[in-house]
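Encoded as structure tokens, the structure appears first; notes follow it.
The values are calculated or read from the model by the stated rules, or taken from the named source; none is laboratory data. In this text the structure is predicted, and so the values were computed from the model without any measurement. No Cβ is skipped: glycine too gets one built from the backbone with ideal geometry, and neighbour counts run over all protein chains shown. For the accessible areas, the whole protein counts, side chains as well, though only heavy atoms, and no ligand, DNA or RNA atoms are used. Shrake-Rupley method; radii C 1.70, N 1.55, O 1.52, S 1.80 Å.
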Amino acid sequence: MDYLEVESSREFVARLDHGRDWRAQVEAFAADEDVASAFFVGLGAVQDAVVYFYDQADQEYGAVEFDEPLEVAACVGNVSELDGEPFAHTHAVLSRADGSTVAGHLDRATTFAGELYVRTFDVPLERAHDETTDLDLWPL
Ligand code: ZN
């Protein structure tokens, strides 16, 4: 395990806008506030969602699309830089009216309502290609 000691410099609470993409709003916030590294948690509801699952054998993302209202029962993610832009790596557990859940790497979702807590760090993190996984990871 590689690691880096960080200090938290700033904290935010945020209310996501209705009708806008969940992850894009996090990235726009990061750009506006010059946030180069952060972790966040969130909850709320979305009107649809596209969730990715990474096939470890094929090293390819597969997408699953849900065109239905879903609760964001839990959302966790982080912000770092990818190709010089803020990237919000976002995972979510989404629930249906019957309580069943779907979950995964959240690519996009239209926000119904959402609340976030964001804690930023004093050091920038930039993703780089990792040979072993074929993912863009933190070279700590
Ligand atoms: Zn992911």
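Coupling constants for the stretch 7-24 follow from the phi torsions by the Karplus curve (6.51 cos²θ - 1.76 cosθ + 1.60, θ = phi - 60°), and in residue order they are 10, 7, 9, 9, 10, 9, 10, 9, 10, 6, 7, 4, x, 9, 5, 4, 5, 4 Hz; glycine and proline get x.
Under 17 Å from a label point set 7 Å out along the Cα-to-Cβ vector of ARG10, the amide N atoms of the stretch 65-96 belong to 78-81, 85-88. Its DSSP H runs of at least 4 residues, each contributing -39,500 (n - 2.57), put the calculated 222 nm mean residue ellipticity of the chain at -2500 deg cm²/dmol, to the nearest 500.
With θ taken as phi - 60° and the Karplus curve 6.51 cos²θ - 1.76 cosθ + 1.60 applied, the whole-hertz 3J(HN,Hα) list for the stretch 78-89 is 9, 10, 8, 9, 9, 6, x, 10, x, 10, 9, 6 Hz, x standing for glycine and proline.
The local environment of ALA49, defined by Cβ-Cβ distances under 15 Å, has a net charge of -3 under the rule Lys, Arg +1 and Asp, Glu -1.
Placing R0 at 25 angstrom, the Cβ-Cβ distance between LEU43 and HIS105 gives a FRET efficiency of 0.90 after rounding to 0.05.
Ligands, DNA and RNA aside, SER9 has an accessible area near 70 Å² when probed at 1.4 Å. Report note on the peptides 90-98, 123-131: ranked by the mean count of other C-beta atoms within 10 Å, highest first, their order is 90-98, 123-131. When the chain is treated as a GNM with alpha-carbon contacts under 10 Å, the residue of THR120, THR101, THR110 showing the greatest mean-square fluctuation is THR101.
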